[in-house]
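The values are calculated or read from the model by the stated rules, or taken from the named source; none is laboratory data. A quick note: this is a predicted structure, and the numbers were derived from the prediction, not measured. Every residue, glycine as well, gets a Cβ built from its backbone with ideal geometry; the counts of neighbours run over all protein chains shown. We work out accessible area using only protein heavy atoms, side chains counted, and drop any ligands, DNA or RNA first. Shrake-Rupley method; radii C 1.70, N 1.55, O 1.52, S 1.80 Å.
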Amino acid sequence: MTPRRFLPALLLLFVGSGCAALIYEVVWFQLLQLVIGASAVSMAVLLGTFMGGMCLGSYLLPRYIDRRDHPLRVYAYLELGIGACGLLIFFGMPLVNTLYTAWAPGGIAGIVVRAIFAALCLLPPTLLMGATLPAISRWVEATPEGVSWLGFFYGGNIAGGVIGSLLAGFYLLRVYDLGIATYVAAAINVTVAVLALTTAGASPTVETLASDRDDAGPAPVASAWAIYTAIALSGATALSSEVIWTRLLSLLFGGTVYTFALILAVFLFGLGIGSSAGSAIGRAAARPRAALGWVQMCICGAVAWSAYMLTQSMPYWPVNPSITTDPWFNFQLDVVRCLWVVLPGAILWGASFPLALAALARRGQDPGRLVGGVYAANTVGAIVGSLSASLLLIVWLGSQHAQQTLILMSALSGLLVLSTGAGDEDPARGVGRPRSQLVGTVLVIAAAAIAGLLSRSIQPIPGIFAAYGRYTATRLGQADVIYTGEGWSATIAVTRLPGGVLNYHNAGKVQASSEPQDMRLQRMLGHMTTLIPTQARRVVVIGCGAGVTAGAVSVDPAVTNQTIAEIEPLVPKVVAKYFGDYNFHVVDNPKVHVTIDDARHYLSTTNEKFDAITSDPLDPWVKGAAMLYTREFFELAKRHLNPGGAVTLFVQLYESNTEAVKSEIGTFMEAFPHGVVWGNTNNGAGYDLVLLGQADDTKIDVDAIQAKLDRPEYAVMKQSLRDIGMNSAVDLFSTFAGRASDLQPWLADAKINRDRDLRLQFLAGLGLNLYQSDVIYSGMLVYAHRFPDELFVGSPQTLDALRAGIRREQGQ
């Protein structure tokens, strides 16, 4: 009985291992984002730690685990360790959260603390993950045939990753929660470990392998450094491209959790195909080193292809995602478009790893050291590529020049391999007559010239695409794009319509504008935030947007200290320039301080308390935004309120569905049982909402607020309300649309959004292309017809006017 008989079974084990690993990656990133924040810096820390752990694991295992230990048993113990770490992280996260919030400072020190806590959580399991491939590689020979099986193992691991990413993104977290996903991943780990131990008991020990009986030492590999450098550059270009493509594809599809899962799955799918193809080529090719070099040169064309499709072609395909009300039809279209863009490059990057192994493999080598070294080099490059693309290349150079840089890096990688180690192929491969040096030189020069031309073909992101994303084809010629910018976490645009209306765009859609209905909502949200609380000296505004809500807060004379928590540094600069006339130049106001941070992280790590907190985040279908709509976040905000303080929240009805809106309102009302809903209508139909919550029962003295507005120092605020058609406090509060007690029957089936499941992002992700705001609002108003005598205080004349105003606004 020889190990070869068991190789197909090992391939299946690696599929299971990869599936569990991707489920863990999704779960751990979500858990740790809740603790250290979802900003670009936090994500860079998480990604760097995750991949750094895998790199260390692949490098260290061959150096500290004896080669005489049975590889399958080592692999099984690694899998059990990963499962144990997964459960430990899940159950230990509350303790991590408590420790982090007690110690987290700001600035550079804060980044260091985030890195320490991420490392404490992620390094142990990722070290074990990185060690699995080098461990099992010791069960094959360092020969062309043996190395080809390592490539197949790598491909099987990636195939499992495809299954895991889709399983987590489309099923486990959508239907269940982080706990169930963790248990499933741990169960897979245990199953894989048991099967590996069973196979180990029925298979030869490592000492009987042919590679160990071969007394000949490994033949030297000249210029091996060039191959290690090339595979590192390959990893860098792969992950950089994935970051850039993910940014652009999320504009094209909508940045939902489903989109990110789909992109990851397709990228891994391509890597798996490429790895299998590369393994077959490396097994049969006489010159795997040359094959590796030419693959790197071909990557230049793949990057240019994807750049062309993403900026010059697909945004203009005649696609209108709002035509269908079934999101699964759009998902099918998105799969095809994603494959069309991502697959060519991913296949080539996938082929690079087994070809690098084949180029370096020599009989008699320790396969673990061979795989560990190549895997570590590739992962180091991937770390550098992902971090530099996220934090430097896109922000400093923009997507256009970043992709040009990647083409040149790929060309450099290919030239490095092709121009070194000539003739250094394994004699066992039976290399025949060497190719003409002249022909080879001419081909390399021609390929380099083509790469240079390809880099010049890359075009910048069209402004209309940055502004309207998935609706680009339907918006052509309707707006003048006056600004486009790419930041750490978002692509920002500003457009001007023919009538002079300004639109602020983020995530490929209009997030705020000077349209009457949008100005009405933004001013309502800001003014209610400061007029209803007992006092409003210290206020936090979550999300800068166009700055109109923050500006409405700032013009209240009672406000002496205002903080805007904004995750994207580019936003305040842009709105200060283009929207100053609409937001009272809030960014330049001396009593306003802009904090660049994830708002949840900011509230979690500050000891301050506030009189009011207003939240106007991105759409809940944008991946990560749902963390600002959870029951735990609303409780966190409530703990940071002074007595008599209030929390207000924007809830959109457009580009949403009834289930998502119910989740947002139901979750808010659980935290604020006396909460109130205010409606903003457009042409008599529901458009969006403002939710108001206080720790105690809310009482609104309409006459007292009117008297305040009539004071001279409130003239600017009073005029701000007039600008949106509200000439009195009665007009402002006539937007009443229900209390928590009224809406209980409507909210009976609401899915509460919690940190454990972030259910809202999955519900909202199914409704981003729907326009059913009128249906949602009218269905809610059925339960809000009662006048709330316990809410409003005022003279009989004022209350009569308010009753009439509410009936008018509700269309009664």
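Hey, any hits in the stretch 146-153 for a residue that's of a type outside the set (S, T, Y), in contact with a Lys or Arg (Cβ under 7 Å, 6 or more places away or on another chain) and open to solvent by less than 10 Å² (accessible area, probe 1.4 Å)? No, because not a single residue in the stretch 146-153 is of a type outside the set (S, T, Y), in contact with a Lys or Arg (Cβ under 7 Å, 6 or more places away or on another chain) and open to solvent by less than 10 Å² (accessible area, probe 1.4 Å).
For the stretch 459-485, a residue qualifies if it is in a loop (DSSP other than H, G, I, E, B) and within 25 Å of the chain's Cα centre (by Cα), and the qualifying residues are Q459, P460, I461, P462. If you filter the stretch 307-343 down to residues that are free of Cβ contacts under 8 Å to residues at least 60 places away in the same chain and part of a helix (DSSP H, G or I), you find that the one that is surrounded by the most Cβ atoms within 10 Å (Cβ to Cβ) is M309. Of all residues in the stretch 27-46, those satisfying the criterion of being under 15 Å from Y602 (Cβ atoms), open to solvent by less than 10 Å² (accessible area, probe 1.4 Å) and of a type in the set (A, V, I, L, M, F, W, C) are V35, I36.
Among the criteria (1) surrounded by fewer than 18 Cβ atoms within 10 Å (Cβ to Cβ); (2) touching a residue at least 40 places away in the same chain (Cβ under 8 Å), the one V677 does not fulfil is (1). Would you confirm whether or not the stretch 490-508 contains a residue that is among the charged types (D, E, K, R), surrounded by 17 or more Cβ atoms within 10 Å (Cβ to Cβ) and over 30 Å from V295 (Cα atoms)? No.
Residue count for the stretch 388-399 satisfying the condition of being surrounded by fewer than 22 Cβ atoms within 10 Å (Cβ to Cβ) and in contact (Cβ under 8 Å) with a residue 12 or more places away in the chain: 4.
Among the residues of the stretch 745-794, those identified as touching a strand residue (DSSP E or B) at 6+ places or on another chain (Cβ under 7 Å) and farther than 25 Å from S322 by Cα are L781, Y783, A784, P788, L791, F792, V793, G794.
Only one entry of P590, P533, P620 meets the criterion of being out of contact with any helix residue (DSSP H, G or I) (no Cβ under 8 Å at 6 or more places or on another chain), assigned to a loop (DSSP other than H, G, I, E, B), crowded, with 24+ Cβ neighbours inside 10 Å and not acidic (D, E), and that entry is P533. The criterion of at least 1 residues that are under 28 Å from the mean Cα position of the chain (by Cα) is met, among strands (runs of 3 or more DSSP E) falling completely within the stretch 669-771, by 685-694. Say whether the condition of being under 12 Å from P354 (Cα atoms), open to solvent by 10 Å² or more (accessible area, probe 1.4 Å), part of a helix (DSSP H, G or I) and in contact with a Gly (Cβ under 7 Å, 6 or more places away or on another chain) is met by at least one residue in the stretch 273-290. Yes: one or more hits.
For every residue, the table says whether it meets (1) in contact with a helix residue (DSSP H, G or I) (Cβ under 9 Å, 6 or more places away or on another chain); (2) of a type in the set (F, W, Y); (3) open to solvent by less than 10 Å² (accessible area, probe 1.4 Å).
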| residue | (1), (2), (3) |
| --- | --- |
| D616 | yes, no, no |
| Y629 | yes, yes, yes |
| F633 | yes, yes, yes |
| N642 | no, no, no |
| T648 | yes, no, yes |
| L653 | yes, no, yes |
| F668 | yes, yes, yes |
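If you filter the stretch 555-580 down to residues that are out of contact with any helix residue (DSSP H, G or I) (no Cβ under 6 Å at 6 or more places or on another chain), assigned to a loop (DSSP other than H, G, I, E, B) and open to solvent by 10 Å² or more (accessible area, probe 1.4 Å), you find that the one that is nearest to A40 (Cα to Cα) is I567. Restricting the first member to the stretch 174-187 and to residues that are surrounded by 16 or more Cβ atoms within 10 Å (Cβ to Cβ), and the second to residues that are of a type in the set (G, A, S), the beta-carbon pairs closer than 6 Å and six or more apart or on different chains are A181/A168; T182/G86; A185/A20; A185/G86; A186/G83; A186/G86.
Contact annotation: residue pairs with Cβ atoms under 7 Å, 6 or more positions apart or on different chains, pairing a residue in the stretch 739-768 that is within 16 Å of M669 (Cα to Cα) with a partner that is open to solvent by less than 40 Å² (accessible area, probe 1.4 Å) and of a type in the set (F, W, Y), are N753/Y629; L760/Y629. Evaluate the following for S720: is it touching a residue at least 60 places away in the same chain (Cβ under 8 Å), open to solvent by less than 50 Å² (accessible area, probe 1.4 Å) and of a type outside the set (F, W, Y)? Judged against the criteria, S720 is a match.
Output yes when any residue across the stretch 47-70 is in contact with a His (Cβ under 9 Å, 6 or more places away or on another chain) and either buried (at least 24 other Cβ atoms within 10 Å of the Cβ) or modelled with pLDDT under 90 (or both), and no when none is.
no
Criterion first (out of contact with any Cys (no Cβ under 9 Å at 6 or more places or on another chain), surrounded by fewer than 24 Cβ atoms within 10 Å (Cβ to Cβ), modelled with pLDDT of 95 or more and not hydrophobic (A, V, I, L, M, F, W, C)) does R538 satisfy it? Judged against the criteria, R538 is a match.
Among the residues of the stretch 352-375, those that are open to solvent by 10 Å² or more (accessible area, probe 1.4 Å) and part of a helix (DSSP H, G or I) comprise R369, G373, Y375.
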